[in-house]
Amino acid sequence: MGTLQVSNISLAYGDRDLLNEVSFNLFDGSKAALAGPNGSGKSTLLKIISGIISSDSGQITKSKDLQISYLPQGDIVYKDATLYEEVEKSFYRYEKIVEEISSIEATLATKNEDDSTAGLLESLHEKQELLIQSGYYFRQAKIEQILKGLGFKSSDKTKRCETFSGGWQMRIALAKILIENNDVMLLDEPTNYLDLESRIWLRNYLNQTTKAFMIVSHDQDFLDETVDEVYELFNGKLNRYSGNYSSYVKQREQELEQLEKEFKSQQKEIEKSEQFIERFRYKATKARQVQSRIKQLDKIEHVQVPSHLRKLNFSFPDPPHSGKEVVKVTNLSKSYGSLNLFNNFSFYLNRGDRLAVTGRNGVGKTTLLRLLGGQDHSFSGSIELGTNVKLGYFAQEVKPTFDINNTVLEELESSALTADLPRLRTLLGSFLFSDDDVDKKVGVLSGGEMSRLALLKILLHPANLLILDEPTNHLDINAKQVLSEALKKYKGTVVFVSHDNHFIKSMANRILYLSDEGPTFYEGDFDYFSWKLEEQEAINTPQTARETVIRNNNQLAYKEANRLRNRIQSLKGDSKNLLEKIDKTQKAIEEVVTLMALEENYSDSDKIVSLVNKKEELDNKELSLEEKWFSIQKELEELENVLT
């Protein structure tokens, strides 16, 4: 590839320096993240590098023949071609080379043995090697591999592009960039529209590529596992930090501690100067000193704490007490035309559960949450809320839930109780809506601001069951961490959809995986669940092929073996708990049978009917527990056989 050199790029909008002499280099194999607060100019910088917009000054220097790909955040629409035809256009640039090869071959066919053909043969060899390295001759297999990895079905290849939704349009754009395989990939939020499986696949793909890339993303785990350097854009300046994103955060925290000390010290000095000016402003004998202090204040370069590293300050209120069984779903069936999402699906949610619902797009995650949240009543079966359950629902698309003509403060007032009105500005400040922000129209808020406002509205009405559909969408990494910490301290029950495995890992104690094969529950142990997905989404390369052979010979990689051992321990614990529950249930059945044998009960029709119903309920419970226990034993045996 060579080198991409960005030198002293500057860009101003009005009196604001968005980019101020920004410089950095990308080389072969560079794996970089671009961090910074919303509005800091990250997307603008990527557009300048890719040649979409121009800077005021500075220059971009590229090695000869270096090619750059750019993935924007959104607003891409493909049409007038099938999916396969559209992504195949990524190979169009090689058609000229194919024509040149044909021309050289035709020329060589006319040459005599005495003619000098060395130059032609060398040119032919170079062009053929270029086509081989580009994957042109194997483009069909490559296209199918990448489309499958990004979640497209085989039947999607013949669909017209205009039939795909906005999120899938962005996947088409990402597929084209990966197929182009250019020297530098500039990816602006590439995981925004990807489900967990596709994120894992993309992570594996990027880890194996030899090309350079720079990523903007709010997915901390994704960055930790793909990049080895972070560039932070703040106040127009760019600073480099070595290591992955977590390493950058640690380095930045140390800098922030020093920055905060400097800020406090500076504020004291400013306060002293302002007091001096105010006290002696009108004393002629102090005029020179006053003017000197005023000039000093004007020249001060104020210390600023980066806004993207400011943290939200909130916790969920204590929820009202609910019964142990929070939700009971029985024989749930839901279809859209010929698409059958759920068929006789039954499960329980107990108080304190943290259930993550995940799976590929289109398998019914949002639909399930809408059903549980009472937003959709078109289904068969039953969904019963437990005793005293108070529900809070966060929609994936929050904008339709707002009056966009309201100000931020008015929107919050419309949901607040009278007693809460005096503290609304304080609450808004805790959610980073300060000063004039509260007077912004809701319609002009960014996605992250809308998400924060929607979460704040939920806080106004204490709930003991939170249904959250992609609550981390549009939130930066800091905000996600604070939300995760608040939810971990929350004493109620949470059901959430998320494609952010860092968020799932920190939150979930149960996982519901939805797929075309049906719903599957995983009790805790996110590492085991993610390992299973990683197996599915592995990139087929010589290295992974060798690893597969090793696994087939029962010589598992240490990390995989360790995850299996953890899973086995978790299953053994679940098995023990289930046996205890089975014993308790059997004792309860014996007690009911004893009561049924008493004359005072079997001679009373109401009592005996109640006892018979109770016994039937306990019998069903025992059967369900035993089925779970047998299922766990089967999985235990399989895993133990793998490790032996």
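The values are calculated or read from the model by the stated rules, or taken from the named source; none is laboratory data. All figures in this text were calculated on a predicted structure; none of them were measured in a lab. Counting neighbours? That spans all protein chains shown, and the Cβs are built from the backbone with ideal geometry, glycine included.
Restricting R370, R354 to those that are under 20 Å from A463 (Cα atoms), assigned by TED's automatic domain parsing to the domain that holds T472 and in contact with a strand residue (DSSP E or B) (Cβ under 7 Å, 6 or more places away or on another chain) reduces the list to R354.
Does the stretch 373-391 contain any residue that is crowded, with 16+ Cβ neighbours inside 10 Å and under 22 Å from E517 (Cβ atoms)? Yes: one or more hits. For the stretch 132-141, filtered to residues that are assigned to a helix (DSSP H, G or I) and in contact (Cβ under 8 Å) with a residue 40 or more places away in the chain, the residue that is surrounded by the most Cβ atoms within 10 Å (Cβ to Cβ) is S134.
Looking at the stretch 170-273, none of the strands (runs of 3 or more DSSP E) lying wholly inside it contains 1 or more residues that are assigned by TED's automatic domain parsing to the domain that holds Q296 and within 24 Å of Y528 (Cα to Cα).
A search for C-beta distances below 6 Å between a residue of the stretch 425-442 that is under 21 Å from Q481 (Cα atoms) and any residue that is exposed (fewer than 15 other Cβ atoms within 10 Å of the Cβ), counting only pairs 6+ apart in sequence or on different chains, returns S430/N313. Scanning the stretch 511-539 for residues being surrounded by fewer than 18 Cβ atoms within 10 Å (Cβ to Cβ), part of a strand (DSSP E or B) and modelled with pLDDT of 80 or more gives a total of 2.
Of all residues in the stretch 183-195, how many are in contact with a Lys or Arg (Cβ under 8 Å, 6 or more places away or on another chain) and closer than 18 Å to K148 by Cα? So the count comes out to 4. Note on the stretch 312-370: enclosed strands (runs of 3 or more DSSP E) holding 1 or more residues that are at positive phi and surrounded by 15 or more Cβ atoms within 10 Å (Cβ to Cβ) are 354-359. Please determine whether any residue of the stretch 603-611 is at pLDDT 85 or above and under 46 Å from the mean Cα position of the chain (by Cα). Checked the stretch 603-611: no residue is at pLDDT 85 or above and under 46 Å from the mean Cα position of the chain (by Cα). Listed by first and then second residue, the pairs linking a residue in the stretch 320-332 that is farther than 18 Å from L355 by Cα and touching a residue at least 40 places away in the same chain (Cβ under 8 Å) to a residue that is crowded, with 18+ Cβ neighbours inside 10 Å and not small (G, A, S), with Cβ atoms under 8 Å apart and 6 or more places separating them unless they lie on different chains, are P320/N464; H321/N464; N331/F345. Return only the number of the condition from (1) in contact (Cβ under 8 Å) with a residue 40 or more places away in the chain; (2) not in a helix (DSSP H, G or I) that H502 does not satisfy. Evaluating H502 over (1) in contact (Cβ under 8 Å) with a residue 40 or more places away in the chain; (2) not in a helix (DSSP H, G or I) leaves (2) as the failure. Residues in the stretch 142-168 that are touching a residue at least 12 places away in the same chain (Cβ under 8 Å), of a type outside the set (D, E, K, R) and outside any helix (DSSP H, G or I): 4 in all.
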